[in-house]
Amino acid sequence: MKIEMDQKDFATLCICAIRYCHGRQTYMPSLVQSIVGSQLNNIPDEDLTVMLNDCDFQKRFDLFGDEKIDKPDWLKWRKTIEEEIAKRNGDNHG
């Protein structure tokens, strides 16, 4: 089944899904990061910036979850977003 959705609505839904996962110490963050990550090219720049800022908020207030389990995945997620932004800006060095 294919679901049709406006790009901005899709990006907003992705932001909500990622935010839902903040602080959760389950399989859900990695699952949502994987799904949203596969669609980063369909998310507008400003929404990628929101996701990046959300990661910075987590870091600032130590909300990444378990240091050995959750935090590495969130830091990897942040790097994935940074790389997508850099790619769009023509910076191949990430």
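The values are calculated or read from the model by the stated rules, or taken from the named source; none is laboratory data. Values in this document were obtained by computation on a predicted structure and should not be read as measured data. Don't worry about glycine lacking a Cβ; one is built from the backbone with ideal geometry, like all the others, and counts go over all protein chains shown.
The table that follows gives values for the structure above.
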item: From F64, F57, residue being touching a helix residue (DSSP H, G or I) at 6+ places or on another chain (Cβ under 6 Å) and aromatic (F, W, Y); result: F64
item: Members of the stretch 73-94 that are surrounded by 15 or more Cβ atoms within 10 Å (Cβ to Cβ) and out of contact with any helix residue (DSSP H, G or I) (no Cβ under 8 Å at 6 or more places or on another chain); result: E83
item: Given (1) within 12 Å of the chain's Cα centre (by Cα); (2) modelled with pLDDT of 95 or more, index of the condition P44 fails; result: (1)
item: Yes/no for I15 being at pLDDT below 95 and among the β-branched types (V, I, T); result: no
item: Residue match in the stretch 57-68 (condition: among the basic types (K, R), touching a Pro at 6+ places or on another chain (Cβ under 9 Å) and closer than 27 Å to N89 by Cβ); result: no
item: Breaking point among (1) more than 13 Å from the chain's Cα centre (by Cα); (2) at pLDDT 95 or above, for D54; result: (1)
